[in-house]
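The values are calculated or read from the model by the stated rules, or taken from the named source; none is laboratory data. In this text, all values refer to a predicted model and were calculated from it rather than measured experimentally. Because the Cβ atoms are built from the backbone with ideal geometry, glycine has one as well, and the counts that use them run over all protein chains shown.
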Amino acid sequence: MCKQEGYKGGVLIIGSLYWGDKDCRKEWREDHLDMDSMIYVHAPIMYGRLSSSRHNTYTMILSRTCYPDKMGNVILIPLKKPVKDMKDFKNETKALWYAEGGLKDKVRGSWGSVGLLVREDSDFKEKLEEEWKAFYKTLPSINKPSFAKEENGKPIISDDGILNIYWVNTIENGEAVNLDFILATATKPEDELPKSQIIAESMVENCYTRYFCMNRKLGIPHSKTKRYLRYLSIK
């Protein structure tokens, strides 16, 4: 890495990374994120992973199947400090993975992985991606997650750790986010993506709506939120 002032990065936050009250998440937000600069962006999110830690209800994932007209609102928060070298970069990715509930000093596990997205018109795109790919290839293959191919024959994250999503635009004015790179965690979906009624019924049957309600309260809905509410009201 050679940009003298460092690379400006941010983290896509789909749900409880923002509001979760575990110590590791509180400390991560305080130490690594510029919380006062939070913005909302459009991103391809949906409910698609059954989570035992959420009382066997479904949590949100990134998915290419949401393009082009099933997008949702996602929180994007810049990192507190620019990334000046690969050591800084590794530290940020490992800190994110640990906040997600992964093992310390790792960036992936059997259920998901931290991925990198670099702005297309960045002068440093090739350099950033090359260094990240080189690091990603050194990771042990044990517990490496396997992601199925989605739209256009691509998985949500490549074998070398690059997120297969488009650069994000702000909800406020539709402009491209002015960062050099974005980090986000790709989590493995269920083999068969659940339908809206199944997602809503899992909340009712397990008496757990906190994850859904907190995300909705924070303005992180997506294209099917109204449908979930309809099913929940029927119950």
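Can you work out which of the residues in segment 136-153 that are more than 17 Å from ILE45 (Cβ to Cβ), surrounded by 14 or more Cβ atoms within 10 Å (Cβ to Cβ) and within 18 Å of the chain's Cα centre (by Cα) is modelled with the lowest pLDDT?
By that ranking, first place goes to PRO145.
Every residue in segment 178-200 that is surrounded by fewer than 17 Cβ atoms within 10 Å (Cβ to Cβ) and within 22 Å of LEU116 (Cβ to Cβ), please.
Listed by number, the list holds a single entry, ASN178.
Would segment 74-94 turn up any residue that is without any contact (Cβ under 8 Å) to a residue 12 or more places away in the chain, over 24 Å from GLY174 (Cβ atoms), part of a helix (DSSP H, G or I) and over 13 Å from the mean Cα position of the chain (by Cα)?
Of segment 74-94, the ones without any contact (Cβ under 8 Å) to a residue 12 or more places away in the chain are 87, 91.
Checking which are over 24 Å from GLY174 (Cβ atoms) leaves us with 87, 91.
Retained after the next criterion (residues that are part of a helix (DSSP H, G or I)): 87, 91.
Next cut, over 13 Å from the mean Cα position of the chain (by Cα) only: 87, 91.
Yes, segment 74-94 contains at least one residue that is without any contact (Cβ under 8 Å) to a residue 12 or more places away in the chain, over 24 Å from GLY174 (Cβ atoms), part of a helix (DSSP H, G or I) and over 13 Å from the mean Cα position of the chain (by Cα).
Looking at segment 171-188, which of its residues are in a loop (DSSP other than H, G, I, E, B) and touching a residue at least 12 places away in the same chain (Cβ under 8 Å)?
Start the filter on segment 171-188 by keeping residues that are in a loop (DSSP other than H, G, I, E, B), which leaves 171-175, 177-180, 188.
Listed by number, the residues that qualify are ILE171, GLU172, VAL177, ASN178, LEU179, ASP180, LYS188.
Please find, among MET60, MET71, the residue that is touching a helix residue (DSSP H, G or I) at 6+ places or on another chain (Cβ under 8 Å) and either surrounded by fewer than 15 Cβ atoms within 10 Å (Cβ to Cβ) or of a type in the set (A, V, I, L, M, F, W, C) (or both).
Result: MET60 is the single residue among MET60, MET71 that is touching a helix residue (DSSP H, G or I) at 6+ places or on another chain (Cβ under 8 Å) and either surrounded by fewer than 15 Cβ atoms within 10 Å (Cβ to Cβ) or of a type in the set (A, V, I, L, M, F, W, C) (or both).
Restricting to segment 81-109, name every residue that is of a type outside the set (A, V, I, L, M) and within 14 Å of LEU128 (Cβ to Cβ).
PRO82, LYS84, ASP85, ASP88, PHE89, LYS90, GLU92, THR93
Filter segment 64-102 down to the residues that are within 22 Å of TRP167 (Cα to Cα) and among the aromatic types (Phe, Trp, Tyr), then identify the one that is modelled with the highest pLDDT.
Taking the candidates together, the pick is TRP97.
Scan segment 128-170 for residues that are out of contact with any strand residue (DSSP E or B) (no Cβ under 9 Å at 6 or more places or on another chain) and in a helix (DSSP H, G or I) and report the count.
8
Kindly indicate which of LYS26, LYS84, LYS8, LYS90 is among the basic types (Lys, Arg), loosely packed, with under 15 Cβ neighbours inside 10 Å and on the phi < 0 side of the Ramachandran plot. If you could, list the steps in order and put the result at the bottom.
Values: LYS84 fails: loosely packed, with under 15 Cβ neighbours inside 10 Å; LYS8 fails: loosely packed, with under 15 Cβ neighbours inside 10 Å; LYS90 fails: loosely packed, with under 15 Cβ neighbours inside 10 Å.
Checking each option against the conditions leaves just LYS26.
Only one residue in SER51, SER63, SER110, SER122 is of a type outside the set (D, E, K, R) and more than 30 Å from VAL204 (Cβ to Cβ). Which one?
SER122
Restricting to segment 103-131, name every residue that is buried (at least 21 other Cβ atoms within 10 Å of the Cβ) and either among the polar types (S, T, N, Q) or at pLDDT below 95 (or both). Walk me through it before giving the result.
Keep residues of segment 103-131 that are buried (at least 21 other Cβ atoms within 10 Å of the Cβ), which gives 107-108, 112-118, 128.
The answer is SER113, LEU128.
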